[in-house]
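Take a look at the structure below.
The values are calculated or read from the model by the stated rules, or taken from the named source; none is laboratory data. Because the structure is predicted, anything quoted here is derived from the model rather than measured. Don't worry about glycine lacking a Cβ; one is built from the backbone with ideal geometry, like all the others, and counts go over all protein chains shown. Only protein heavy atoms, including side chains, enter the accessible area calculation; ligands, DNA and RNA are left aside. Shrake-Rupley method; radii C 1.70, N 1.55, O 1.52, S 1.80 Å.
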Amino acid sequence: MATAGARLPTGQLLGLIPSKQKLGLMVALAAITALVVAGWLWGQSPDYRVLYANLSDRDGGAVIASLQQMNVPFKFTEGGGALLVPANQVHEMRLRLAGQGLPKGGLVGFELMESQKFGTSQFQEQVNYQRALEGELARSIQSLAAVNGARVHLAFSKPSVFVREQQKPSASVLLSLHPGRNLDPGQVSAIVHLVSSSIPDLPVKNVTVIDQTGSLLTSSDAGVVGLDPSQLRYRRDVEQGFAKRIEAILAPIAGNNNVLAQVTADIDFTLTENLAEIFTPNPAASAAVRSQQSTEASNSGAAGGAGAAGVPGALSNQPGASANAPLVAASAPAAGASAAAAAAANTRRDSTVNYEVDKTIRHTRQSVGGIKRLSVAVLVNHRKLVDEEGKTTTKPMSPEEIEQINALVKEVMGFSKERGDSLNVTNSAFSVAAVEPIVEVPLWKQPETLAMAKDIGRYVLIGALLLYLVFGILRPLLSNLNVPDPQEMRQAAIDTEAAPAAPRPEAQTGNLDAVKQLARSEPQLVASVVKEWVNKDG
């Protein structure tokens, strides 16, 4: 028989445990196992991120079916506004789904032209081409950050052989913006020019843009008023550039944050083009001959006879006067000269010279954005003086210093009296409000600290539950396994009394501890044993 202080084997200990304690021990072990597994799964649960938001029903079903085929876990946000997948698989899933053509977004692009059927009419081809072009433009517009959705409608006129009856195409764009987002005039102008540049012969004025509330974002009279966003932005850049340069050059003199400059620029955005064609007379010395032609003709009399002579006309055809004997006979030399004149030849010379024409064509285009006038106002703070005691006082600048600042500003702005520029430099004390100190966010309120504390708290909670189950439930159950059975304690007490030899000190100490523990747990049993001992001794 085993002594009271000896430990029994595990099988015997389990056999001595009552049924209620066995059930409690099994429940405790199951709870610890479940808690360990839950904590491990909690720690290993992936962080879900948005894969796609605002999917249509058709695209959502196709994306979910593809995710299920790839065994990728997913879930929806509250309200079903977004589809979530593990954070480490977001980019991979987007690439894989894009390879499958998902999500389609309800828009059809030029891939519509890939599924053309044999025997398609020209009208159907034109309709498919227009649908594809509208879809591609809508996709391009949806890539803007503020645009959630877009639809584009194009209107093409039928071609005509008459030039006067040809009509330009037009386009209408419907935008659906993200909540709380707006488009500035520059972005609207960019959308208009994007659509106009994508369609041949589509003027900018034929593009209309509206938002989901029905507000017209484009203005038809923008060209008349002349409010071009690019011109306004250029004017603002010019004014800010002059102001920054003035403040930068005066900062070493007056100190930082002691100079304020405002510039108003009158910009000339007039576009002027001149085309002149000038003809100048040819100088005699530098004349350039293009062509030259000379003609010479000679007509001589017949041989042995006098040629035809006289003035042509009616008078030469009249008969001559009656012959009269001259009173004085003509001399021989005179008669010979008359015969020589009659026999003389007729000569004609013509000369034509063509010169190059001196022609000058001058095409002049004046630059746009020239400065017509500048108005500059500069405000300089009083000088700050610190005495020996550390007290700060202010003092106005001297007229010489103001004149020096005035000269510097004129050089920076390129002051022109002929242009009508104006400059005003004023020295005055600044009234600066006290700047409240920036309150630093405590360490325990910072997002990084809160996230780290959340992770640490999760693991601490799991550890605390494990410790409670081990030391609060499992350990007491295991400690009760070492308590001897009352019957064995009773038999051990009888054997100890009847033993002839004195027990060993170790065994005696163990028996005494066992008896004390038995007296605490089973006082009636101990009392009955002591009563039997007393009656036996009596």
Study note, to complete from the structure: Distance in nm between Q212 and R475 label points, each 7 Å along Cα→Cβ, equals 6.1
Review point. For the peptides 127-138, 404-415, 519-530, what is the packing order when you average, over each peptide's residues, the other Cβ atoms within 10 Å and list the highest mean first?
Key: 127-138, 404-415, 519-530
Check your understanding: Residue-wise, which Karplus ³J(HN,Hα) couplings in Hz belong to region 131-145, taking 6.51 cos²θ - 1.76 cosθ + 1.60, θ = phi - 60°, and x for glycine or proline?
Key -> 4, 5, 5, 5, x, 5, 5, 5, 5, 5, 5, 5, 6, 5, 5
Practice item. Please sort 447-460, 368-381 by packing, taking for each peptide the average over its residues of neighbouring beta carbons within 10 angstrom, highest first. Key: 368-381, 447-460
Check your understanding: By how many nm would the segment from L29 to K531 lengthen if fully extended, with 0.36 nm per residue of separation less the alpha-carbon distance?
Key -> 176.4 nm
Exercise for review: Any of K244/K410; K205/K372; K158/K205; K244/K372 with alpha carbons more than 23 Å apart? Name them for me.
Suggested key: K205/K372
Review point. What ranking, highest mean first, results for peptides 438-444, 148-154 when packing means the other Cβ atoms within 10 Å averaged over each residue?
Key: 148-154, 438-444
Revision key, fill the gap. Here the gain from full extension of D57 to N299, 0.36 nm per residue of separation minus their alpha-carbon distance, amounts to 76.3 nm
**Study point:** Residues of region 397-413 with amide N under 19 Å of the 7 Å Cα→Cβ point at R373
**Key:** 410, 413
Point to revise | Interchain or long-range residues, amide H under 5 Å from L51's placed H | key: L83, L84, V85
Check your understanding: Hey, what do the phi angles of region 521-526 turn into as Karplus ³J(HN,Hα) couplings, whole Hz, using 6.51/-1.76/1.60 and θ = phi - 60°, x for Gly and Pro?
Key -> 7, 10, x, 5, 5, 5
Practice item. Summarise the accessible area of region 368-434 (1.4 Å probe, protein heavy atoms) by the percent that is carbon and sulfur. Key: 50
Review point. Given H placed 1.01 Å from N in the peptide plane, which residues other than close sequence neighbours of T208 have an amide H under 5 Å from its amide H?
Key: A171, S172, V173
Review point. Once you put a point 7 Å from the Cα of S291 and another 7 Å from the Cα of Q240, both along the Cβ direction, what distance in nm separates them?
Key: 6.6
**Study point:** Phi-based couplings in Hz for region 116-130 (Karplus 6.51, -1.76, 1.60; Gly and Pro marked x)
**Key:** 6, 9, 5, x, 5, 6, 5, 5, 5, 4, 5, 5, 5, 5, 5
Practice item. Name the residues whose placed amide hydrogens come within less than 5 Å of the amide hydrogen of N148, ignoring near sequence neighbours (fewer than 5 apart) on the same chain. Key: S176, L177, H178
Review point. Can you list the lysines whose alpha carbon is less than 27 Å from that of K531, not counting same-chain residues fewer than 8 positions off?
Key: K516
Exercise for review: Treat each spin label as a single point 7 Å out from the Cα along the C-beta direction, and report the S143 to R365 distance in nm.
Suggested key: 3.0
